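The values are calculated or read from the model by the stated rules, or taken from the named source; none is laboratory data. Please read all numbers here as calculations on a predicted model, not as lab measurements. No Cβ is skipped: glycine too gets one built from the backbone with ideal geometry, and neighbour counts run over all protein chains shown. The protein model used for the area step is the full one, side chains on, heavy atoms only, and it has no ligands, DNA or RNA in it. Shrake-Rupley method; radii C 1.70, N 1.55, O 1.52, S 1.80 Å.
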Amino acid sequence: MKKVISVVTGSRADFGLLEEVISRINDSPHLELELIVTGSHLSDAFGRTGNQITAWGYTNVTEIAINVEIESETELTIAIGELIQKIATHYSKKKPSLTLVLGDRYEMLGVAVACATLGIPLAHIHGGEITTGSKDDMYRHAITKLASLHFVATPEFQKRVIRMGEDSEKVFVVGGLGVDSINRLKILTRPEIESNLGILIESSYALVTYHPDSVNPEKSLDQLRTVIKSTESFPDIQFLVTGANADFYGIELNQFVREISGKNRNLFFFDSVGQQNYLSLLSGAKFVLGNSSSGLLEAPSFNVPTINVGKRQDGRPRAKSVVDVDCDETQIVNGIQSVIAQEGAPSFQGIENPYGNPGASKRITDILETYDLETLLPKRFLDAN
């Protein structure tokens, strides 16, 4: 009998990373895929990226809509509760052999709580990492403690998960899924990207993504204004901005950039461009600007420098191509100038990505195929030696 693996995706970001894992589970003779689509995938305000998933043709797909147009921390908390309730109702009809989640989003915390109370084993990808400048840090570690099987990116993260009381025999170093995606996807030509996005891409362009400050959300809009203001010092560079995630203030940030992009010939906004378009753009970008993890997880594999703004990614390993700056216009401008000045220099060639080598998706699927999932519960806390 096949093991039923329920994969939950709540945003364009996690689906892009999970694509190959999902595909391998679906093709496995030993596993049966259930795909649950929730969160910003089902919201018009965030580009309704669930339509892209439907186009892949998976048959066992369940959509679970929750409110992601969050206007307060209270509404965010209620949204987590809404997802717990709806996931529980869905799983009450048929429990999977295991639920698989990725990362540190509040939606995945809700899924993890539901699985814990329902007695469904949970597997967690990308645990053990640290982002002290974001509330996601708490969510990630909470998900780790609710999970029984762990797929981490590096030995450092493996040690951290084990120190949290997890069984070392259930914590597997598989590498980073971002590196996997780069190795898997065909990089599109510029004319192909232009056709997909409906714009002309200039020879010199940069990618910008700025997510809300989850620790001080009320400061997010002013922070984004500072980031965008800094781009005005570089009129010869085209700035392609991708939308913020579905955190408190995410809609406001996207609306702000959407409005000014129509008035600024050098700045273009997209709710979402899809992973293949994004990685293809990333491969030819002069630099990445903002506070997205992509600048740390994926950009180094293309030898593309990152100006990482603010504290959101504090604690993550950094390649030598990452320049950290505060959310201050002068610091951002100086950071951009520094990477432009080093363009083509040996220091920005052959950059080692700290998140490892390709192959994570296959390693995860191989383990799911062979592991005895019935042994995962109940969990035990193991003191680190």
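Out of all the residues in the range 31-63, which are touching a Leu at 6+ places or on another chain (Cβ under 8 Å) and farther than 21 Å from residue 271 by Cα?
Hits for the range 31-63 are 31, 58, 60, 61, 62.
Go through the range 1-15 residue by residue and tally those that are under 13 Å from residue 101 (Cα atoms) and either open to solvent by less than 10 Å² (accessible area, probe 1.4 Å) or not in a loop (DSSP other than H, G, I, E, B) (or both).
Going through the range 1-15 one residue at a time, the tally reaches 9.
Working only within the range 221-236, note down all residues that are in a loop (DSSP other than H, G, I, E, B) and touching a residue at least 60 places away in the same chain (Cβ under 8 Å). Let's see the steps before the verdict.
Kept after step one, since they are in a loop (DSSP other than H, G, I, E, B), are these residues of the range 221-236: 232-236.
Within the range 221-236, 233, 234 meet the criteria.
Quick check on the range 125-172: of everything there that is assigned to a helix (DSSP H, G or I) and polar (S, T, N, Q), which residue is nearest to residue 371 (Cα to Cα)?
For the range 125-172, the residue satisfying everything is 168.
Do the conditions hold for residue 372, that is, is it free of Cβ contacts under 8 Å to residues at least 24 places away in the same chain and either under 23 Å from residue 145 (Cβ atoms) or open to solvent by less than 50 Å² (accessible area, probe 1.4 Å) (or both)?
It is true that residue 372 is free of Cβ contacts under 8 Å to residues at least 24 places away in the same chain and either under 23 Å from residue 145 (Cβ atoms) or open to solvent by less than 50 Å² (accessible area, probe 1.4 Å) (or both).
What do you reckon, is residue 287 open to solvent by less than 30 Å² (accessible area, probe 1.4 Å), in contact (Cβ under 8 Å) with a residue 24 or more places away in the chain, touching a helix residue (DSSP H, G or I) at 6+ places or on another chain (Cβ under 7 Å) and not aliphatic (A, V, I, L, M)?
Yes: the conditions hold for residue 287.
Considering only residues that are under 22 Å from residue 136 (Cβ atoms) and assigned to a helix (DSSP H, G or I), look in the range 86-111 and name the one that is most open to solvent (accessible area, probe 1.4 Å).
Ranking the qualifying residues of the range 86-111, first place goes to 86.
In the range 275-321, how many are within 20 Å of residue 14 (Cα to Cα), assigned to a loop (DSSP other than H, G, I, E, B) and hydroxyl-bearing (Ser, Thr, Tyr)?
Selection size over the range 275-321: 2.
Only residues that are β-branched (Val, Ile, Thr), open to solvent by 10 Å² or more (accessible area, probe 1.4 Å) and either outside any helix (DSSP H, G or I) or free of Cβ contacts under 8 Å to residues at least 12 places away in the same chain (or both): list them for the range 173-208, please.
173, 187, 189, 199, 201 - these are the residues of the range 173-208 that are β-branched (Val, Ile, Thr), open to solvent by 10 Å² or more (accessible area, probe 1.4 Å) and either outside any helix (DSSP H, G or I) or free of Cβ contacts under 8 Å to residues at least 12 places away in the same chain (or both).
Select from the range 221-271 the residues that are open to solvent by less than 40 Å² (accessible area, probe 1.4 Å) and β-branched (Val, Ile, Thr) and write down the one among them that is farthest from residue 340 (Cα to Cα).
Across the range 221-271, the extreme among qualifying residues is 257.
Any residue in the range 31-49 that is surrounded by 21 or more Cβ atoms within 10 Å (Cβ to Cβ), over 25 Å from residue 151 (Cα atoms) and either modelled with pLDDT of 95 or more or under 17 Å from the mean Cα position of the chain (by Cα) (or both)?
Looking through the range 31-49, at least one residue is surrounded by 21 or more Cβ atoms within 10 Å (Cβ to Cβ), over 25 Å from residue 151 (Cα atoms) and either modelled with pLDDT of 95 or more or under 17 Å from the mean Cα position of the chain (by Cα) (or both).
Out of 262, 250, report the one residue that is at pLDDT below 90 and either among the polar types (S, T, N, Q) or closer than 20 Å to residue 48 by Cβ (or both).
250
Does residue 322 satisfy the condition of being open to solvent by less than 40 Å² (accessible area, probe 1.4 Å) and free of Cβ contacts under 8 Å to residues at least 60 places away in the same chain? Show your work before the answer.
Numbers: open to solvent by less than 40 Å² (accessible area, probe 1.4 Å): yes; free of Cβ contacts under 8 Å to residues at least 60 places away in the same chain: yes.
Judged against the criteria, residue 322 is a match.
Restricting to the range 212-256, name every residue that is more than 12 Å from residue 45 (Cα to Cα) and touching a Gly at 6+ places or on another chain (Cβ under 8 Å).
Those that are more than 12 Å from residue 45 (Cα to Cα) and touching a Gly at 6+ places or on another chain (Cβ under 8 Å): 212, 213, 215, 223, 227.
Looking at (1) modelled with pLDDT of 95 or more; (2) under 30 Å from residue 4 (Cβ atoms); (3) of a type in the set (Gly, Ala, Ser), which one does residue 359 not meet, given that it meets all the others?
(1)
Contact list please: Cβ distance under 7 Å, first residue in the range 325-341 and free of Cβ contacts under 8 Å to residues at least 24 places away in the same chain, second residue surrounded by fewer than 22 Cβ atoms within 10 Å (Cβ to Cβ) and part of a helix (DSSP H, G or I), pairs at least six apart or on different chains.
325/331
With the requirement that a residue be outside any loop (DSSP other than H, G, I, E, B), in contact with a strand residue (DSSP E or B) (Cβ under 8 Å, 6 or more places away or on another chain) and open to solvent by 30 Å² or more (accessible area, probe 1.4 Å), what does the range 50-75 give you?
Listed by number, the residues that qualify are 54, 61, 62, 63.
Before we move on, is residue 117 more than 24 Å from residue 249 (Cβ to Cβ), polar (S, T, N, Q) and at pLDDT below 95?
no
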